Amino acid sequence: MNTPPAPYPVGTPGTPWGDAERAEWLSRQPRQRSYEADVLSVIERLRPSFDVEEYGRLDYGPDSYRLFAIRSRDWRDDLPVVLVTGGVHGYETSGVHGALQFVEQHGLDYADRVNLLVAPCVSPWGYERIHRWNPHAIDPNRSFRDGSPAEESAALMRLVAPVRDRVLVHIDLHETTDTDETEFRPALAARDGKPFEPGEIPDGFYLVDDSENPQPGFQQAVIAAVEQVTHIAPADGNGEIIGSPVVAPGVIEYPLKELALCASITSAPYKTTTEVYPDSPRATPGQCNAAQAVAVCAAVDYALAHR
Ligand SMILES: [Zn+2]
């Protein structure tokens, strides 16, 4: 018999958090790494070849974070836009570094064919705290809607608004981690005063398609490319990955708009969300970053070939 999990250390089971519990949770989130050293330094390196745009700023207590996007140098209104977003969940490290690796290693290959717009680290506070939420205990990736309660999401939506109907492909780079099950899902249940229902973390890479406009050929092209770099997550005993039916190898679907997910912010015909699994004994951090970069290339290549 399994021992029931210990209650989350903040709040009272069954009671949603108020301001006091949010403050207590926040006090338990130390800064663990540096956005400036890890991310801004790489963005600086890209300046000779790409335009770098500051698209917003997050002011959180003593901390302030400048938000940056990377654009193709010679932006042409007659070319389709490719949107790459990383670090919407700041703790999902390969989303951030995979986006940067794509730009650095492959970005110029697409010059004259597309306009690249890359926001590599949407949630820098979460990057530094290795957390899923922002300091208000809000998940930016459930907050991409008008009047967003998360400034991370609102700033990205403002950046993208002028081109949202000209985006051909949007790929949002994420990870699914063991800490989702040990920390972040329990924290979410505690925050909302709900019971924590244990789940299963899939071992391998998978994609999330839009159930409102599924693009199976596109998703399979990305899976086929990533499979060369890291293993694809199998379905669990119920034919599911994290509670959703597997519709094709390594692919599940969500209603992106209804859930206010980042991948819903454009009217792109091709959208996907990557989920790299960094905790596998069979995946190195280098492979995880490469899987993200390869996924972006495959997504763009497929979209350009099927316009
Ligand atoms: Zn995520």
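For segment 253-287, the tally of residues that are open to solvent by 20 Å² or more (accessible area, probe 1.4 Å) and not acidic (D, E) stands at 16. The number of residues in segment 181-200 that are in contact (Cβ under 8 Å) with a residue 40 or more places away in the chain and either under 17 Å from the mean Cα position of the chain (by Cα) or assigned to a strand (DSSP E or B) (or both) comes to 1. Which of the residues that make up segment 124-177 are over 23 Å from D38 (Cα atoms) and either within 13 Å of the ligand (Cβ to nearest atom) or of a type in the set (K, R) (or both)? Result: R142, S143, F144, R145, R158, R164, R166. Going by the conditions given, is Y110 at pLDDT 95 or above and under 17 Å from A293 (Cβ atoms)? Yes: the conditions hold for Y110. Does segment 168-175 contain at least one residue that is touching a residue at least 60 places away in the same chain (Cβ under 8 Å), open to solvent by less than 10 Å² (accessible area, probe 1.4 Å), more than 11 Å from the chain's Cα centre (by Cα) and within 15 Å of V296 (Cα to Cα)? Yes - at least one qualifying residue is present in segment 168-175. Only residues that are open to solvent by 10 Å² or more (accessible area, probe 1.4 Å) and either among the polar types (S, T, N, Q) or more than 16 Å from the ligand (Cβ to nearest atom) (or both) were counted across segment 240-252, and they come to 7. Residues in segment 1-48 that are modelled with pLDDT under 95 and either surrounded by fewer than 10 Cβ atoms within 10 Å (Cβ to Cβ) or under 23 Å from the mean Cα position of the chain (by Cα) (or both): M1, N2, T3, P4, A6. Residue check: L67 meets all listed conditions (1) open to solvent by less than 50 Å² (accessible area, probe 1.4 Å); (2) assigned to a helix (DSSP H, G or I); (3) closer than 21 Å to L100 by Cα but one, namely (2). Within segment 26-34, is even one residue part of a helix (DSSP H, G or I), more than 16 Å from the ligand (Cβ to nearest atom) and in contact (Cβ under 8 Å) with a residue 12 or more places away in the chain? Yes, the conditions are met somewhere in segment 26-34. Would you confirm, using the coordinates I've provided, whether P149 is open to solvent by 50 Å² or more (accessible area, probe 1.4 Å) and in contact with a Ser or Thr (Cβ under 7 Å, 6 or more places away or on another chain)? Yes, satisfied.
Applying the condition of being open to solvent by 10 Å² or more (accessible area, probe 1.4 Å) and more than 16 Å from the ligand (Cβ to nearest atom) to segment 97-109 and asking which residue is nearest to the chain's Cα centre (by Cα) yields Q101. Residues in segment 254-307 that are assigned to a loop (DSSP other than H, G, I, E, B) and within 16 Å of the ligand (Cβ to nearest atom): L256, L259, A260, L261, I265, Y277, P278, D279.
The values are calculated or read from the model by the stated rules, or taken from the named source; none is laboratory data. No experiment lies behind these values; they were computed from the predicted model shown. All Cβ positions, glycine included, derive from the backbone under ideal geometry; neighbour counts span all protein chains shown. Surface accessibility is based on the protein's heavy atoms, side chains included, excluding ligands, DNA and RNA. Shrake-Rupley method; radii C 1.70, N 1.55, O 1.52, S 1.80 Å.
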